Amino acid sequence: MKLNDPFGRVGRRQNQAYAGVRQQLQARGIEDPAAVRELIRGVSRSALIWAGVVALSSVIAFVLFPEHQGIMGTLAGLILVWIIANGFQAQMHLRRYIKDLDQSSQTNREGEHP
């Protein structure tokens with residue numbers, strides 16, 4: 001039993017999310033760790049681009065509407081946290097998929113050699 005997830009709800013949700021990601025990757029025929037690493041780079045790149053768009057939009061909004069800087073800053077901060085959290089979660093699922101691919105290839109190799 002974990003103190004930060006005593007009933008295992010978060011763990012179950014993460015496993016379900018990973019199962020969905022794994023299913024989508026397999027449906028697309030992505031079973032090469034190098035291709036998955038490229039996806040991880042793409043996720044990082046996309047997260048940085050979106051964070052930059054949010055930051056630039058926030059600066060423009062601050063200039064245009066200085067009386068609403070507090071609420072816009074809070075909203076921009078929440079959006080940035082959401083982008084970072086989702087990017088991290090996606091990378092975590094992709095790394096787990098690579099680990100599963102490596103384990104399944106090792107299992108296949110061990111089964112070939114008597």
Please identify every one of the trypsin sites (Lys or Arg not before Pro) in segment 1-88 that sits in a loop by DSSP and has no more than 11 other beta carbons within 10 Å of its own beta carbon.
Lys2, Arg28
How long is the gain from Glu67 to Leu3 if the chain were fully straight, where each residue apart is worth 0.36 nm and the alpha carbon distance is subtracted?
18.7 nm
Name the residue farthest towards the positive end of the dipole of the chain from the options Gly70, Asn4, Trp50, assuming +1 on Cβ of Lys and Arg, -1 on Cβ of Asp and Glu, about the Cα centre.
Asn4
Counting other beta carbons within 10 Å of each Cβ, put Tyr97, Tyr18 in order, fewest first.
Tyr18, Tyr97
So if I place +1 on the C-beta of Lys and Arg and -1 on the C-beta of Asp and Glu, and nothing else carries charge, what would the dipole magnitude of the chain be about its Cα centre? I want it in debye, nearest 20.
220 debye
Helical mean residue ellipticity (222 nm; -39500 (n - 2.57) per DSSP H run of 4+; nearest 500) of the chain:
-30000 deg cm²/dmol
What is the Cα centroid distance between segment 39-67 and segment 4-27, reported in whole angstrom?
28 Å
Likely footprinting exposure, Phe7, Phe88, fewest C-beta neighbours within 10 Å first:
Phe7, Phe88
Under the Karplus relation with 6.51, -1.76 and 1.60 and θ = phi - 60°, whole-Hz ³J(HN,Hα) for segment 4-13, x at Gly and Pro, equal 7, 8, x, 9, x, 5, 5, x, 5, 5
Computed over segment 34-79, Cα set: Rg, Dmax in Å
14.6, 49
Over all directions, the chain yields a Cα convex hull whose mean projected area in nm² is 10.6 nm²
Quote the relative contact order of segment 31-112 in percent (integer), defining contacts as alpha-carbon pairs under 8 Å separated by 6+ residues.
47 percent
In Hz, Karplus ³J(HN,Hα) per residue of segment 71-78 (6.51, -1.76, 1.60; θ = phi - 60°; x = Gly, Pro):
5, 5, x, 5, 4, 4, x, 5
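Every read-out reported here was derived from the displayed coordinates using simple, explicitly stated rules and does not represent laboratory data. Everything numeric here is computed off the predicted structure, so don't read it as measured data. For neighbour counting, all protein chains shown are included, and Cβ atoms are generated from backbone atoms with ideal geometry for every residue, glycine included.
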